[in-house]
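*Asks:* I'd like to ask some things about the structure below.
Read the figures in this text as sums done on the coordinates, not as results from a lab. Here the structure is a predicted model, which means the values were calculated and not measured. All Cβ positions, glycine included, derive from the backbone under ideal geometry; neighbour counts span all protein chains shown.
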Amino acid sequence: MTPSVAAAHGPLLTVRGLARTIGLRKLFAIDTLVIPRAAAIVMTGMNGAGKTTLLRMLAGLEAAPGAVAQWTDANGTHSAPLTPLPPALRRRIAYLHQHPYLFRTSVRENIAYGLRARGLPPHEIDCRVGEALGWAGVSHLQDTAPEYLSGGEIQRVALARAKVLEPELLLLDEPTSSLDGHAREQVIALVGDLAAEGRTVVMICHDRELINLPGVVRWKLGDGVLDTHHP
Ligand SMILES: Nc1ncnc2c1ncn2[C@@H]1O[C@H](COP(=O)(O)OP(=O)(O)OP(=O)(O)O)[C@@H](O)[C@H]1O
Ligand SMILES: [Mg+2]
C-alpha cells in the first residue's frame, strides 16, 4: 500500500518554531520547516551541527518546546504542538537510529511488534511481515536472534520494521555510515525503494551514492540555520 493520497495537496508537514539551545549555545532556530510529500531529502552538516537532534525532535523523541506542527489529512488541516508528538503524526512518522536497537527476540518478531501493538489480526500481521521480510531480503533470517546479525542485516531489519507500519515520513540517521560493500548497496537500494513508493525520506547522510539518488533534495544544517535549498 502506498501512502494515503486522500490529502495529496500541500506539504506533508510544516513545523514552525523549531529551535534548540544547549546551555547558552543556540544549536539551531528554524522559523518554518516545510517537509514536502513524496520526496527524498538528504541532510548534511558538520559534526555537532544538530542534525540528529533535529530528526529526533521531528520524531517526537526529544522535546521541542514552542514548536507547532501543521498537517492536512482527509479530515482537514490540523495544528498542534509538536511535543508531545500528536498521535496522528506518530502513526505517520518512523525514525531509524544510526545503530538500530532490535528486541532480543527473533527478526520476525521485531518486524511484527508494531503491527501487534496496533492490534492487527494475526493473519494480516503474518502476511505483512512476510512481505517486509522478502522486501528487505531477510526472509532466511526470520527466526534468527538479532545478536547474530551483521550491521547491514540489522539496518535492513530496522528498515523492514519501519516500512511494515506504512509511514509517510521516514527519518533515517546515517543509515549507511557503518556499512560498506554489498551491505551498503543493499541499504541504498531499500532507501531508494521507500522514496520511489511515494514516502518522504529525510536522511542524515554523507554517502555520495545516497546524496545522488534521483530527485534528491538537499538540506544543509550549519551555523544554526537550515538551508533547504542547498545546491
Ligand atoms: N542532551 C544533550 N545535552 C548536552 N548536549 C547535547 C545534548 N544533545 C546533543 N547535545 C550536543 O548538541 C550538539 C549537536 O548534537 P547532534 O548529535 O544533534 O549533532 P549531529 O549534527 O548529529 O552530529 P554528528 O554528525 O556528529 O552525528 C553536539 O554538540 C552535542 O554534544
Ligand atoms: Mg548525528
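*Asks:* If the cut-off is a Cα-Cα distance under 20 Å, which aspartates and glutamates reach Lys220, setting aside same-chain residues fewer than 8 apart in sequence?
*Replies:* Filter leaves Asp31, Asp173, Glu174, Asp207, Glu209.
*Asks:* So, one more: Using Cβ counts within 10 Å as a stand-in for footprinting exposure, how do Tyr148, Tyr95 rank, fewest first?
*Replies:* Final ranking by Cβ density, sparse to dense: Tyr148, Tyr95.
*Asks:* Next up: Taking amide H positions as placed in the peptide plane 1.01 Å from N, state which residues far from Lys26 in sequence (5 or more) or on other chains have amide H under 5 Å from it.
*Replies:* none
*Asks:* Two decimals is fine: what is log10 I(q)/I(0) at q = 0.16 Å⁻¹ for the chain, from a Debye sum with one equal scatterer on every Cα and no solvent?
*Replies:* -1.17
*Asks:* Next question. What nm value, rounded to one decimal, do you get for the distance between Arg218 and Ser106 when each label is placed 7 Å out toward the C-beta?
*Replies:* Using points 7 Å along Cα→Cβ, the separation is 4.5 nm.
*Asks:* How long is the gain from Glu197 to Leu24 if the chain were fully straight, where each residue apart is worth 0.36 nm and the alpha carbon distance is subtracted?
*Replies:* 58.1 nm
*Asks:* For Asp73, which sequence-distant residues (separation of 5 or more, or a different chain) have an amide H within less than 5 Å of its own amide H, given hydrogens modelled in the peptide plane?
*Replies:* His78
*Asks:* Give me the percent relative contact order of segment 13-227, please, defined on Cα pairs under 8 angstrom at least 6 residues apart.
*Replies:* 30
*Asks:* Let me ask another. How many nm separate the modelled label positions at His182 and Glu209, each set 7 Å beyond the Cα in the direction of the Cβ?
*Replies:* 1.3
*Asks:* Once you have a ≥ b ≥ c as the square roots of the Cα gyration tensor eigenvalues for segment 1-129, tell me rounded if a/c is under 1.5, and otherwise prolate or oblate according to whether a/b is larger than b/c.
*Replies:* oblate
*Asks:* Given axes a ≥ b ≥ c from the Cα gyration tensor, I'd like to know whether segment 143-184 is rounded (a/c under 1.5), prolate (a/b larger than b/c) or oblate.
*Replies:* oblate
*Asks:* Taking the Cβ of each residue in Glu109, Glu197, Glu153 as the centre, tally the other Cβ atoms inside 10 Å and list the residues starting with the fewest.
*Replies:* Result, fewest neighbours first: Glu197, Glu109, Glu153.
*Asks:* Non-local amide H neighbours of Gln98 (under 5 Å, H modeled in plane, Pro and chain starts lacking H): which ones?
*Replies:* Asp173
*Asks:* Could you work out how far apart the two model spin labels at Ala117 and Gln98 are, taking each label as a point 7 Å from the Cα in the direction of the beta carbon, and quote it in nm?
*Replies:* It works out to 2.3 nm between the two label points.
*Asks:* Residue separation times 0.36 nm, minus the C-alpha to C-alpha distance between Asp31 and Glu62: what's the value?
*Replies:* 9.4 nm
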